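Quick notes on the structure that follows.
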Amino acid sequence: MKHMKHMDIPGFQQRRVPVADGVSLHTAVGGTGSPVVLLHGFPQTHLMWRHVAAGLAADHTVICPDLRGYGASDKPADADGSSYSKRTMAADVVALARALGHERFALAGHDRGALVAFRAGLDHPDAVTHLALLDVLPTVDMWEVLHGASAAVAFHLYLMAQPPGLPEQLIGAAPELFFGHFLDLWSRDPAAIPAAVRAVYLAACREAVPSIVADYRASAGVDVEHDLADRAAGRVLGMPVTVLQQDWGAALGYDAAAVWRAWAPDLEHRTVDCGHFMAEEAPDEVTDAIRKALAR
């Protein structure tokens, strides 16, 4: 992945950290102080945190991995449908923090990374001290709010939910068109993702089509099963949870804060006035929000 070597978070050290059998995560680490792990979303890499990570590093140890299946991290084959469950990916994150010397840590995630963070908070409550979740709903709730023609906005969820073969072939035939579509559609400020950064994202996604599809396919199957089991058992997030998201509730007709409150009794929910890629479009606001989240 030579294209990623010349562009990274200034002042951060690059490491490959083993987290599971045959799986290492490419990770950028910087700063000193109490640890916070930042998890990126789709269709990106840890580079999306470049502004926020630099800001938080003044008083935190900031750990920014590429998720398994993304960027320069390992991309194991998904033999049985569990390799990209959020449960498996959350276990990676706990193992990563532990390998770097942190039994307990705060966790912030955007998009796919927020789904991993949510699962880590439920599965590893003794490890995760605070959660900050950017622009998602829990997996089971996400499917439940998609109805009728308005659900077309989430066509990629349905495409990548299909059995192995078709989605990989379709996306692999025009990866820059597919992944670039979301970078364009979901941002309100195109300048927030400069051409050189966009090129890193597109190159990384082009090399990760099967694993990205496997991540999404898990969210139409095993991840829903895990969420439903937790909901039925009455499990909730015990730590302080801060959620920042666009006003999807108004667009799709649901109460986003109420959805989150069912999972997070200690909730701060904020609607932001920027595009989906808020860590790049409004980095100061996001950095401030994460700081406040960690102080709760």
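The values are calculated or read from the model by the stated rules, or taken from the named source; none is laboratory data. None of these values were measured; they are calculated from a predicted model. Note: ideal-geometry Cβ built from the backbone for every residue, glycine included; neighbour counts use all protein chains shown. For accessibility, only protein heavy atoms count, side chains too; no ligands or nucleic acids. Shrake-Rupley method; radii C 1.70, N 1.55, O 1.52, S 1.80 Å.
Answer yes or no as to whether Ser187 is closer than 27 Å to Asp78 by Cβ and buried (at least 17 other Cβ atoms within 10 Å of the Cβ). Answer is no for this residue. Any idea which residue in the stretch 127-173 is surrounded by the fewest Cβ atoms within 10 Å (Cβ to Cβ), counting only those that are of a type in the set (S, T, N, Q) and over 19 Å from the mean Cα position of the chain (by Cα)? Going through the qualifying residues, I end up with Gln169. The residues on offer are Leu100, Leu159, Leu96, Leu115, and the sole one that is under 29 Å from Ala250 (Cβ atoms), touching a residue at least 60 places away in the same chain (Cβ under 8 Å) and not acidic (Asp, Glu) is Leu115.
One residue alone among Lys86, Lys75 is touching a Lys or Arg at 6+ places or on another chain (Cβ under 6 Å) and modelled with pLDDT of 95 or more, and that residue is Lys86.
Considering only residues in the stretch 278-295 that are farther than 25 Å from Leu237 by Cα and open to solvent by less than 70 Å² (accessible area, probe 1.4 Å), the one that is nearest to the chain's Cα centre (by Cα) turns out to be Glu280. Do we have Arg16 as surrounded by fewer than 24 Cβ atoms within 10 Å (Cβ to Cβ), modelled with pLDDT of 95 or more and within 22 Å of Val209 (Cα to Cα) here? So Arg16 passes the test.
Can you pull out the helices (runs of 4 or more DSSP H) entirely within the stretch 183-294 that have at least 1 residues that are modelled with pLDDT under 95?
Hits in the stretch 183-294: 248-252, 256-261.
Looking only at residues in the stretch 112-126 that are in contact with a helix residue (DSSP H, G or I) (Cβ under 6 Å, 6 or more places away or on another chain) and over 19 Å from Ala154 (Cβ atoms), the one that is surrounded by the most Cβ atoms within 10 Å (Cβ to Cβ) is Ala120. Please verify whether the stretch 87-103 includes one or more residues that are under 22 Å from Val243 (Cβ atoms) and part of a loop (DSSP other than H, G, I, E, B). No, the stretch 87-103 has no match at all. When the stretch 58-93 is filtered for residues that are open to solvent by 10 Å² or more (accessible area, probe 1.4 Å) and of a type outside the set (D, E, K, R), the ones remaining, listed by number, are Ala58, His60, Thr61, Ala72, Pro76, Ala77, Ala79, Gly81, Ser82, Ser83, Thr88, Ala91. Among residues of the stretch 238-264 being touching a strand residue (DSSP E or B) at 6+ places or on another chain (Cβ under 8 Å), more than 11 Å from Leu137 (Cα to Cα) and among the aliphatic types (A, V, I, L, M), the one that is surrounded by the fewest Cβ atoms within 10 Å (Cβ to Cβ) is Met239.
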